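FYI, it's all coordinate maths here, none of it is from the lab. Nothing here was measured: the structure is a model prediction, and the numbers come from that model. All Cβ positions, glycine included, derive from the backbone under ideal geometry; neighbour counts span all protein chains shown.
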Amino acid sequence: MDRELAKSYDPREVEDRIYSFWETNGYFHANVNPDKKPYTIVMPPPNITGQLHMGHALDNTLQDILIRWRRMQGYEALWVPGTDHASIATEAKIVEAMKKEGLTKDDLGRDRFLERAWKWKEQFGGRIVSQLRKMGSSCDWDRERFTMDEGCSKAVREVFVKLYEEGKIYRGERIINWCPHCLTSISDAEVEFEEKDAFFYHLRYPLADGSGYLELATTRPETMLGDTAVAVHPEDERYKDLVGKKVILPLVNKEIPIIADEYVEMDFGTGVVKITPAHDPNDFEVGLRHQLEVITITTDDGYMNDLAGKYEGLSILEARKAIMADLEEQGYVVKVEPMKHNVGNCYRCHTTIEPRVSLQWFVKMEELAKPAIEAVKTGKTKFVPERFDKIYYHWLENIRDWCISRQLWWGHRIPAWYCEDCGETIVSREDPTVCPKCGCTHLTQDNDTLDTWFSSALWPFSTLGWPENTEDLKYFYPTETMVTGYDIIFFWVVRMMFSGLAYTGDVPFHTVFIHGLVRDSKGRKMSKSLGNGIDPLEIIEEYGADALRFMLATGNSPGNDMRFLQEKVESSRNFANKIWNAARFILMNLDGDIELSLPETLTLEDKWIVSKVNTLAKSVTENLEKFELGMAVQKLYDFIWDDFCDWYIELCKTRLQNDDAPNARRVLVFVMTNMLELLHPFMPFITEEIWQTIPHEGETLMRSDWPLFDEQLDFPNEEKEMERLMEAIRAIRNRRAEMNVPPSKKTDLFIETAFEETFKKGKPFIERLAFATNILFDESENQGNMVSIVTPDATIKIPLEELVDTKAELARLTKERENVQKQLEGVLARLNNESFVSKAPQNVVDGAKEQASRLQEKIDLLNQSIAAMS
RNA sequence: GGACGUUUAGCUCAGCUGGUAGAGCAUUCGCUUGACGUGCGAAGGGUCAGCGGUUCGAGUCCGUUAACGUCCACCA
């Protein structure tokens, strides 16, 4: 085996090699295994159009940490990867590409367009998947899925037919959100509102009986051509008498009724609303209640249609101007005032949405929502952090029927056929050829496709084989954890929940682990238009995937946004390098074969570090169980850098030169192995690389056992003893630094302590780390001007006569005594407080007492030193 | 209009079930210390946004105010 490591860690040399080692050996693969408990995560499928961005990087890092950890813990850990066809986004890209060739969808026709689309998918769909591999994602690639593959399509079809048969899917003329640019309907969730400057147009409609006018206000005067009523509040005294009468619609010169409806706010505007059922969702509702005619006056691409009379062919905005000009000329305009107005935009292209009545397919939501609400209320599925259940409830409790048909070609085509002869609608699992009602063969399939989220909603179980009751489904479903951003709770999480409950009878996952957004260094959302996005692949290239992953996990608390700072990646990279060099140090000091276990006898410092790493395993595990990945990472960092590298390795250096070296080597390897195991989920590449290089058992670190807390390795007393020594060493170094004594100047040390035993054991450390030549415990040799250092456990004197300014030294000691005195008074104040002693828990009181006695000891020692000097 | 989040060292952020504040970076000082200068040793720096309450004790719990941010609603 090659036991040489480069002087600094080069991720580029390691990562791809390690990844293919894992992949070709099948370490990512999971099987149905009755002897193990399953742990399943289904990956939120990235769009095939997508390129890896920081959001994916975060999302996948968190999932991979969980999966790798559980796999090591002995679960049959399955992470199912896959991609989403992203109907609207993908279709837009393909249309755009075609445009460059001068082609439109209609030029090609549906079949040839889909051919192109699939080719495009073959060409680019794999890109994101290979980028996920760069992150180190330990997905089971044998199970990679695509929302439009055969199995997922079958699931989609099954759900559609089932819901249709149960009457939960229906087709009807409803008002929907129409994007005049994408030329398709979109769901309520896909509309984004934006505040814009607009105008409030006050108009007057003449009463039909000639007795005057009714004044009303609107933000969209052009829709008046489709008005079929004006409405007032039933209790509005101003207009009560007019209800039932008629007004004449200006320009159109048609009589329309004055109706009463509680939807009207008396206090807003004039308290009179024009009702255009075809072009406003609220008006549509009013129209239904009053059986009003629905008159659509625009085309699907945003122009006025033939019902708009002389305005036909104008764009909506042009029509608005023309109509206002005509109204003005004919004296129907009262005033025009500026106002702020919220406009709905298409989430994809940001075109203003036109509410429009059209024939679409819908899912009835009310009944489906109930079990989904219940499942979270009863804790069958939990949000982490919990507060996100509010968004979830709010969305489900106010849910409206879901418009699922899209006027697109790329996606799952709606499995409904219409008989041209008798008009029958056929929805079935198999493509029909004959009309079951009239027996003819003139059937045409619905042209529309389904909302992308319709198939995404089935993802946690369609990927496991549903609707077949496969072994995978039985074993891995329900999945355990869903990791996703808060921005798609209502798009996706909600829909997976009700779908899972409705079709599989169980929740799709037990925990929804929500993370925030990765923002830029200024806290702005990363976006294409701002050009402030940071490419994870470039970061990986420069710093390595481990550094990126570690950075993303560090300080990431569930549900909160984080900022991407280059310096944070750098410090993660430095950390990787630190471990690398620690490993290098161990390798340099190995000598032939080594036993992979702890030696029988452990020294003080061995027990200290072993006890520490043992406790670390416990607390890291606890953090992971609570999804506190950021805290787990912090503890690993502190232990590895401070305890292991800065202390333990330093403490070993002397030992490695003497007879005890074999034991020291075994402890070093033991602790390093534990560290690598604990760190592996976070930094998989470097840990595997090091593990393979140092003496080890087994084939791969990623399949090693997760360290467990071991009672036998818990040494609290030795931890305390080491602390005493470390405190003394720090104090000496501190004092020397203050006095500008260079490390090269070594001195004797005189130590007086009640813990002579401990300090004798620590003699070599103190010599090495506190720059001592001799350490003397015999007070009689203590003479002359000395620098005094006082810790609660010891008084240490350094003979630095030439540097000692007795007066200054005295002043320093006196000041320190004052400080300690103050601290002591604080603690005593608490201890003298009757209610503290009686009400605080015993361990807190004991802690305070111990602290008081330590402080008192320190004061005593300081007093002695002061007395000796004066 | 409603809901939620954030406010802690110069900067970016941790701080779990209340026990008397931490990290990284930055700053200052000192180091050719036999793994690492992507490093080592040390130092300075915080009335934890304000106010009130609960408690022996509050950064942590409750109420309230403010600033910033996000989501939902959409009165035409």
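Choose one of A:259, A:759, A:702: the residue whose Cα lies farthest towards the positive end of the charge dipole of chain A (beta-carbon charges +1 Lys, Arg; -1 Asp, Glu; about the Cα centre). It is A:759, whose Cα lies furthest towards the positive end. Summarising the amide proton neighbourhood of residue A:748: residues at separation of 5 or more, or on other chains, whose placed amide H is nearer than 5 Å comprise A:773, A:774. When the C-alpha to C-alpha distance is required to be over 25 Å, the pairs from A:7/A:612; A:653/A:763; A:745/A:858; A:364/A:390; A:607/A:763; A:274/A:335 that qualify are A:7/A:612; A:745/A:858.
For chain A, the C-alpha radius of gyration sits at 1.29 times the compact-globule guess of 2.2 N^0.38 Å, with N the residue count. Close amide H partners of residue A:563, meaning residues 5 or more places away or on another chain with modelled amide H under 5 Å apart, are A:519. Its relative contact order, with pairs defined as Cα atoms under 8 Å and 6+ residues apart, puts chain A at 13 percent. Sorting A:409, A:608, A:118 by the number of Cβ atoms found within 10 Å of their own Cβ, with the fewest placed first, yields A:118, A:409, A:608.
Toward the positive end of the charge dipole of chain A, with +1 on the Cβ of Lys and Arg and -1 on the Cβ of Asp and Glu, the farthest Cα among A:529, A:299, A:803 is that of A:803. Can you give me the C-alpha center-to-center distance between the stretch A:576-633 and the stretch A:485-540, rounded to a whole angstrom? With the stretch A:576-633 and the stretch A:485-540 each reduced to a Cα centre, they are spaced 35 Å.
The order of A:562, A:726, going from fewest to most other C-beta atoms within 10 Å of their C-beta, is A:726, A:562.
Between residue A:619 and residue A:811, the FRET efficiency from the beta-carbon distance, with R0 = 45 Å, is close to 0.55. For the stretch A:1-64 versus the stretch A:260-308, the inter-centroid distance based on Cα atoms is 55 Å. A simple charge model with +1 on the Cβ of Lys and Arg, -1 on the Cβ of Asp and Glu and nothing else charged puts the dipole of the stretch A:479-593 at about 520 debye relative to its Cα centre. At full extension, residue A:142 and residue A:843 could sit 247.0 nm farther apart than now, given 0.36 nm per residue minus the alpha carbon distance. The aspartates and glutamates within cross-link reach of residue A:377, meaning a Cα-to-Cα straight distance under 12 Å and a gap of 8 or more places when in the same chain, are A:386, A:389.
Residues A:466, A:641, arranged from fewest to most other Cβ atoms within 10 angstrom of their Cβ, appear as A:641, A:466. The phi torsions of the stretch A:451-465, fed into the Karplus equation with coefficients 6.51, -1.76 and 1.60 and a -60° offset, translate into couplings of 3, 3, 5, 5, 7, 4, 4, 9, 3, x, 10, 5, 6, 9, x Hz, rounded to whole numbers, with Gly and Pro shown as x. Averaging Cα coordinates gives a centre for the stretch A:441-473 and one for the stretch A:718-758; these two points are 70 Å apart. Given 0.36 nm per residue, what is the gain on full extension from residue A:821 to residue A:521 after removing their alpha carbon distance, in nm? Stretched fully, the residue A:821-residue A:521 segment lengthens by 103.5 nm.
Annotation: extensible slack from residue A:777 through residue A:390 equals 132.7 nm (criterion: 0.36 nm per residue apart, minus Cα-Cα distance). Between amide H atoms placed 1.01 Å from N, distances below 5 Å from residue A:82 occur with A:145, all of them 5 or more places distant or on a separate chain.
Note on residue A:802 and residue A:350: with the Förster distance fixed at 51 Å, the Cβ-Cβ geometry gives a FRET efficiency of about 0.10. I'd like the FRET efficiency for residue A:529 and residue A:400, computed as 1/(1 + (r/R0)^6) with the beta carbon distance as r and R0 of 22 Å, rounded to 0.05. The computed FRET efficiency comes out at 0.15. Per residue of chain A, the DSSP helices (runs of n ≥ 4 H) give a summed -39500 (n - 2.57) that works out to -13000 deg cm²/dmol at 222 nm. When +1 charges are put on Lys and Arg Cβ atoms and -1 charges on Asp and Glu Cβ atoms, the dipole computed for the stretch A:705-772 relative to its Cα centre reaches about 780 debye. Modelled spin-label separation between residue A:468 and residue A:7, with each label point placed 7 Å from Cα along the Cα-to-Cβ direction: 5.8 nm.
Using Cβ point charges alone (K and R +1, D and E -1), the dipole size of chain A about the Cα centre works out to roughly 840 debye. Computed from backbone phi with θ = phi - 60° and the Karplus coefficients 6.51, -1.76 and 1.60, the 3J(HN,Hα) list for the stretch A:300-311 is 6, 9, x, 10, 7, 9, 5, 7, 8, x, 5, 8 Hz; x is used for glycine and proline.
Residues in the stretch A:142-148 carry Karplus couplings, in order, of 5, 10, 4, 10, 9, 4, 10 Hz; the curve used is 6.51 cos²θ - 1.76 cosθ + 1.60 with θ = phi - 60°, and Gly or Pro positions show x.
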